[in-house]
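Engineer: I'd like to ask some things about the structure below.
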Amino acid sequence: MGTWDTGPFDNDTAADFANALDEAEPEAREALIRGVLVRTIDATGYLTEAEEAVAAAALIGAQCPGGEPVDMSYGPEKPMPVFPPDLRVLADEALARVVDDEDGPASNWVDPEDWKQWRAILTRLRAVLAPPPPSIALFDVQL
């Protein structure tokens, strides 16, 4: 795998995933993203689609409040559909699996500073994906 930077699409596997999304019919893009997230969550052993899961999570995060736009240099060129809210939860669960997988993408980093930057990106992305806390209604109670 070729990795040239620490962003979600800064590796060959994620760039190939972006191309697959561009080649898919618009109505099939959500299913591709959902599929890679579910397979990553359900995987046992080596996470074969970890890079794709990070890229998928970045696409979902870009649609969340506080989310960052995806780098169009290597990310999909075609617009993504509006993702349903349940994909936020799946994306966060998939990222948790990726972060915990010591033999997966985390092992790609030779330079510890790159590894720290990559982990920081995933941490920020997980914060964006986290569902907002339920609003608490304050009641004025009179005794």
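The values are calculated or read from the model by the stated rules, or taken from the named source; none is laboratory data. The structure presented is a predicted model; accordingly, all values stated were derived computationally and were not measured. Every residue, glycine as well, gets a Cβ built from its backbone with ideal geometry; the counts of neighbours run over all protein chains shown.
Engineer: Please go through segment 32-44 and pick out each residue that is touching a Leu at 6+ places or on another chain (Cβ under 8 Å) and in contact (Cβ under 8 Å) with a residue 40 or more places away in the chain. Spell out how you get there, then give the answer.
Structural biologist: Residues of segment 32-44 touching a Leu at 6+ places or on another chain (Cβ under 8 Å): 32-34, 37-38, 40-41.
Matches in segment 32-44: Ile33, Arg34, Leu37, Val38, Thr40, Ile41.
Engineer: Working only within segment 1-47, note down all residues that are of a type outside the set (D, E, K, R), outside any helix (DSSP H, G or I) and over 15 Å from the mean Cα position of the chain (by Cα).
Structural biologist: First pass over segment 1-47, keeping only residues of a type outside the set (D, E, K, R): 1-4, 6-9, 11, 13-15, 17-21, 24, 26, 28, 31-33, 35-38, 40-41, 43-47.
This time we only want the ones that are outside any helix (DSSP H, G or I), so: 1-4, 6-9, 11, 24, 43-47.
Those that are of a type outside the set (D, E, K, R), outside any helix (DSSP H, G or I) and over 15 Å from the mean Cα position of the chain (by Cα): Met1, Gly2, Thr3, Trp4, Ala24, Ala43, Thr44, Gly45, Tyr46.
This table checks each residue for (1) surrounded by 14 or more Cβ atoms within 10 Å (Cβ to Cβ); (2) at pLDDT below 95; (3) small (Gly, Ala, Ser).
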{"residue": "Arg29", "(1), (2), (3)": "yes, no, no"}
{"residue": "Gly45", "(1), (2), (3)": "no, yes, yes"}
{"residue": "Ala57", "(1), (2), (3)": "yes, no, yes"}
{"residue": "Tyr74", "(1), (2), (3)": "yes, yes, no"}
{"residue": "Glu77", "(1), (2), (3)": "no, yes, no"}
{"residue": "Asp103", "(1), (2), (3)": "no, yes, no"}
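Engineer: I've got another one for you. Could you grab the pairs with beta carbons closer than 8 Å, sequence gap of 6+ or different chains, first residue in segment 11-31 and more than 12 Å from Val54 (Cα to Cα), second one surrounded by 12 or more Cβ atoms within 10 Å (Cβ to Cβ) and β-branched (Val, Ile, Thr)?
Structural biologist: Matching pairs, first to second residue: Asp12/Thr3; Leu21/Ile33.
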